[in-house]
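Here's the structure, in structure tokens; my notes come after.
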């Protein structure tokens, strides 16, 4: 009991030693092999090829937390993703019984306590009886959260 009371007065970051450990991503070294089309190497922490909505893309992450998707061959910027791409990602993510995509909405701010970012994100609502919604990062194409009226 006394231990619990004492813990409530301590700074939780210090208890967890978060104040002495950095989780910041390391910037790629200057001699890293990167795509020719990448116009700025500054702050790049990773360059990876992955699938988004059934298409190969190159994801570029920077030390400021930003993410962009690009065409692997041309380097053409693909993000923020358009609504059609978000719907394709949502269709691929769905594993429930057959349904449709009922609505697609670009979200710029928190949706109550249901979703708090990152933004912008696509809110895709399925046509199922639970009114299931997924939130898709418009910058990376990642499925960030799933919610329903259940």
Expressed in angstrom and rounded, the centroid-to-centroid distance over alpha carbons for the range 14-28 and the range 81-146 is 31
Ratio for the range 83-147, C-alpha Rg to 2.2 N^0.38 Å, reads 1.00
Put in order of increasing Cβ neighbours within 10 Å, starting from the fewest, 142, 17 give 17, 142
Output ordering of 90-102, 31-43 (per-residue mean of other Cβ within 10 Å, highest first) is 90-102, 31-43
Dividing the surface of the Cα convex hull of the chain by four yields a projected area in nm² of 13.2
Per residue, the convex hull enclosing the Cα atoms of the range 22-78 spans a volume in Å³ of 88
Per the helix-only model, the chain has a calculated mean residue ellipticity at 222 nm (DSSP H runs of ≥4, -39500 (n - 2.57) each, divided over all residues, rounded to the nearest 500) of -4000 deg cm²/dmol
Dividing the mean separation of Cα pairs under 8 Å (6+ apart) by the residue count of the chain yields a relative contact order in percent of 15
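Taken together, the values in this text are just the output of simple stated rules run on the coordinates, not laboratory data. All values derive from a computational prediction rather than experimental measurement. Backbone-built Cβ (ideal geometry, glycine too); neighbour counts: all protein chains shown.
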